[in-house]
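Heads up: the structure comes next, in structure tokens.
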DNA sequence: ATGGTAGCCGCGCTA
């Protein structure tokens with residue numbers, strides 16, 4: 001099972017790239033963030049024609065998540081029942097014997113802002129929800145755009161980013177509390193190249209200069225980590241014309 | 001302290 005996550009930054013713009021990428025990489029499950037599309041106009045027919053079942057929870061302009069699966073989707077839940085939120089940032093579903101959560105964690109904008117407080121409250125509620133979920137579903141994957149670079153290895157210039165949004169101590173502590181529930185960052189189960197990032201600002205030639213952060217993650221429950229064979233970042237899509245600012249990430253689970 | 005780019009909407013807001 002190859003499970004992937006990609007912040008597409010507008011599914012309308014990126015649909016042709018998504019379809020290309022599905023055909024090329026053949027993932028079994030794909031979690032999408034920042035679809036920015038209302039459910040009534042979600043391009044489900046094109047995705048189904050590519051061989052995927054799809055569930056989605058979107059809104060106009062901002063946010064929006066979706067899950068694609070070549071093996072069906074069961075028990076779809078949109079949003080965190082412990083945190084009523086008009087912003088469409090969470091979708092969960094079961095594929096075979098895996099429970100999968102697709103998350104678009106709030107960006108937070110700036111440390112100390114209202115949006116930052118919302119981010120921390122949102123993460124606290126996510127932690128409580130995942131604690132319940134792990135008890136019911138030991139084979140759990142939590143993936144998406146976390147908008148948190150877990151440590152300095154995940155930042156192109158740790159000094160410049162110290163204490164800043166996506167890198168602040170409270171955000172990193174919230175990420176560690178998620179791991180403390182019994183989840184592991186699949187990327188760090190393996191030896192990885194230095195300066196591996198999943199997001200690069202569109203500005204200042206960020207990608208060309210590799211001025212990135214690793215903020216997109218695949219977390220695996222402790223029951224799944226022994227079955228993980230690989231966890232990688234696919235930089236190819238970021239090299240395309242009119243790319244998303246995020247690269248897809250994926251993990252391979254066997255057995 | 002600000003700007004640079006992208007997407008969307010509607011000429012600013014969010015990332």
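Each value in this text was obtained by applying a stated rule to the coordinates, not by laboratory testing. Since the model is a prediction, treat every value here as computed from it, not as a measurement. Glycine also receives a Cβ, built like all others from the backbone with ideal geometry; neighbour counts cover every protein chain displayed.
Which of the residues that make up segment A:145-198 are exposed (fewer than 13 other Cβ atoms within 10 Å of the Cβ) and assigned to a loop (DSSP other than H, G, I, E, B)?
Once the filter is applied, which keeps residues that are exposed (fewer than 13 other Cβ atoms within 10 Å of the Cβ) and assigned to a loop (DSSP other than H, G, I, E, B), segment A:145-198 yields A:157, A:162, A:163, A:190, A:191, A:193, A:194.
Go through (1) in contact (Cβ under 8 Å) with a residue 12 or more places away in the chain; (2) assigned to a helix (DSSP H, G or I) one by one and return the number of the condition residue A:61 breaks.
That leaves (2) as the condition not met.
Does segment A:67-88 include one or more residues that are touching a helix residue (DSSP H, G or I) at 6+ places or on another chain (Cβ under 8 Å), surrounded by 23 or more Cβ atoms within 10 Å (Cβ to Cβ), part of a strand (DSSP E or B) and free of Cβ contacts under 8 Å to residues at least 60 places away in the same chain? It would help to see each step written out before you state the result.
We begin by selecting, within segment A:67-88, every residue touching a helix residue (DSSP H, G or I) at 6+ places or on another chain (Cβ under 8 Å); these are A:68, A:80-83, A:85.
In the following step, the residues that additionally are surrounded by 23 or more Cβ atoms within 10 Å (Cβ to Cβ) were identified as A:68.
With the extra rule that they be part of a strand (DSSP E or B), the set shrinks to A:68.
Still in the list and also free of Cβ contacts under 8 Å to residues at least 60 places away in the same chain: A:68.
Within segment A:67-88 (the criterion being touching a helix residue (DSSP H, G or I) at 6+ places or on another chain (Cβ under 8 Å), surrounded by 23 or more Cβ atoms within 10 Å (Cβ to Cβ), part of a strand (DSSP E or B) and free of Cβ contacts under 8 Å to residues at least 60 places away in the same chain), the answer is yes, since at least one residue qualifies.
Quick one: would you say residue A:4 is within 22 Å of residue A:230 (Cα to Cα) and in a helix (DSSP H, G or I)? So that I can check it myself, show each step before the final result.
Working: within 22 Å of residue A:230 (Cα to Cα): yes; in a helix (DSSP H, G or I): no.
Spelling it out, it is not the case that residue A:4 is within 22 Å of residue A:230 (Cα to Cα) and in a helix (DSSP H, G or I).
Quick check on this structure: which one of A:244, A:221, A:231 is under 17 Å from the mean Cα position of the chain (by Cα), under 24 Å from residue A:18 (Cα atoms) and away from DNA strand B (no atom under 16 Å from the Cβ)? Walk me through it before giving the result.
Working: A:244 fails: away from DNA strand B (no atom under 16 Å from the Cβ); A:221 fails: under 24 Å from residue A:18 (Cα atoms).
Unique residue meeting the criteria: A:231.
Can you say whether residue A:35 is closer than 22 Å to residue A:202 by Cβ, within 16 Å of DNA strand B (Cβ to nearest atom), touching a residue at least 24 places away in the same chain (Cβ under 8 Å) and touching a strand residue (DSSP E or B) at 6+ places or on another chain (Cβ under 7 Å), as far as the supplied structure shows?
Values: closer than 22 Å to residue A:202 by Cβ: yes; within 16 Å of DNA strand B (Cβ to nearest atom): yes; touching a residue at least 24 places away in the same chain (Cβ under 8 Å): yes; touching a strand residue (DSSP E or B) at 6+ places or on another chain (Cβ under 7 Å): yes.
Answer is yes for this residue.
How many residues are surrounded by fewer than 21 Cβ atoms within 10 Å (Cβ to Cβ) and under 19 Å from the mean Cα position of the chain (by Cα) if we restrict to segment A:123-136? It would help to see each step written out before you state the result.
Initial filter on segment A:123-136 (surrounded by fewer than 21 Cβ atoms within 10 Å (Cβ to Cβ)): A:124-125, A:127-129, A:131-136.
Still in the running and under 19 Å from the mean Cα position of the chain (by Cα): A:124-125, A:127-129, A:131, A:133-134.
Final tally of qualifying residues: 8.
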